[in-house]
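A short write-up of the structure that comes next.
The values are calculated or read from the model by the stated rules, or taken from the named source; none is laboratory data. Quick caveat: nothing in here was measured; it's all calculated off a predicted structure. Don't worry about glycine lacking a Cβ; one is built from the backbone with ideal geometry, like all the others, and counts go over all protein chains shown. Accessible surface is based on the protein model in full, side chains and every heavy atom, while ligands, DNA and RNA are left aside. Shrake-Rupley method; radii C 1.70, N 1.55, O 1.52, S 1.80 Å.
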Amino acid sequence: MDLVSMTPYAHVTSAARRSLVLPIGAFIAAAILLPWVGPGPISVSRVLHHQAPDYAILIQLRITRTLLALVAGGALSLAGSLFQAMLRDALATPYTLGISAGASLGAVAAIAAGWQMMWGIPATWVGALAGAFAVLTLVIGGFSKRGQISAFSLLLTGIAINSVCMACIIILGGFAGMSRTFSIARWLIGSVDSTSYTSLSVLSIVVLGLAALIMTQARSWNLLAVGEQWAASRGVRVPTLLRTGYIAGSILVAGAIALTGPIGFVGLIVPHLVRSRISPDHRILLPSVFFFGGALLALCDSVGRIVMRPAEIPAGAVLALIGGPYLVWTIRQRRSSEEI
């Protein structure tokens, strides 16, 4: 297991603070520019005069889609960084602890059953949230009875839950029929679609509230990166910190993938790149991965809209095709510089 190399920094340097300008700038630039990117051009003049169809396309489709990508990408990247800190494992992702597998199983069950809407909202959203919170209740309930929680036990529990849920997904896919099996496969790739402003507002409030909570614990995450005993000797209540982190990260993952499907790679690549290029200090790392993750997912969604237009490539596929080779190249460059 590859340990994440981090140390508890006493002070955030001015240079480190200035490094936040780049991710914040990328996030704002993506929010302003990317809604104008799509398979067809949009006239600024027609938008300013509220003329159809340009105005409706921009306001109802592209802006909501871009904002969803920004919020979901930020949430998944932040959850990935959080889980890597909890497990002290750079290969941890938003899906390592089983929440995403539970959410995927719930969504796949809804698709396999042929449910379209439940209580006025898409059945896949309901299924994904129900699956995620079922896993969350199971894990937290189990640890509460034993009165203790550790990173190692969370990791083993996550591996077991992932295995069981993936087996159930395969079984459901085998009995779902051809058309529903295709829908299941497409949902599992992960994509960003337009949504209502109401759904977007609810997700944004939840994500921003949890992000603020996680970032206020940045110093404790720095101490935990050295070791649980080290953090405990410095006054950190490790079981409480792990429990809070697990619940907060799980809600972030559940809310994001309920609307986008599983796009877990963003939660692996963004924390790794920010940690190596900007800072491993969680006071800088956590806000940076949130802003960079949102901007990256929005960019990949925009690329998927235009590269094979009028057809679209799911954002999850674009992210894997672009991010995978770049991550490998970055690791090779880092090893080469270390050898020198």
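A few notes on this one:
- Each Lys and Arg Cβ is given +1 and each Asp and Glu Cβ -1; about its Cα centre, the chain then shows a dipole of about 400 debye.
- Placing a label point 7 Å from the Cα of residue 121 along the Cα-to-Cβ direction, the residues of region 197-226 whose backbone N falls under 14 Å of that point are 197-207.
- Membrane-span-like helices in the chain (whole DSSP H runs, Cα extent of at least 18 Å along the helix axis, mean Kyte-Doolittle hydropathy of at least 0.5): 63-87, 99-112, 123-146, 151-175, 197-216, 238-260, 282-306.
- Taking 0.36 nm per residue of sequence separation and removing the Cα-Cα distance, the residue 166/residue 47 pair yields an extension gain of 38.3 nm.
- Inter-centroid distance (Cα atoms) of region 52-82 relative to region 275-295, Å: 20
- Over 39 Å [Cα-Cα, the chain], rounded percent: 14
- Per residue, the average separation of C-alpha pairs within less than 8 Å and at least 6 apart gives the chain a relative contact order of 32 percent.
- Residues listed by number, region 254-286, amide nitrogen under 20 Å from residue 232 label point at 7 Å toward C-beta: none
- Choice from 239, 262, 314 with maximal GNM fluctuation in the chain (Cα, 10 Å cutoff): 239
- Accessible area per residue for the chain is 47 Å², calculated with a 1.4 Å probe on protein heavy atoms, without ligands, DNA or RNA.
- Long-range tail of P(r) for region 27-145 (Cα pairs > 18 Å, %): 68
- When you restrict to C-alpha pairs under 8 Å that are six or more residues apart and normalise by the size of region 8-140, the relative contact order lands at 15 percent.
- Percent carbon-and-sulfur accessible area, region 10-339, ignoring ligands, DNA and RNA, probe 1.4 Å: 68
- Label-to-label distance, nm, for residues given as residue 276 and residue 32 (7 Å Cα→Cβ offset): 3.1
- Where the alpha-carbon atoms of region 187-340 are placed on the principal axes, they occupy 58, 50, 22 Å, in descending order.
- Taking other residues whose beta carbon is less than 12 angstrom from the beta carbon of residue 62, and scoring Lys, Arg as +1 and Asp, Glu as -1, yields -1.
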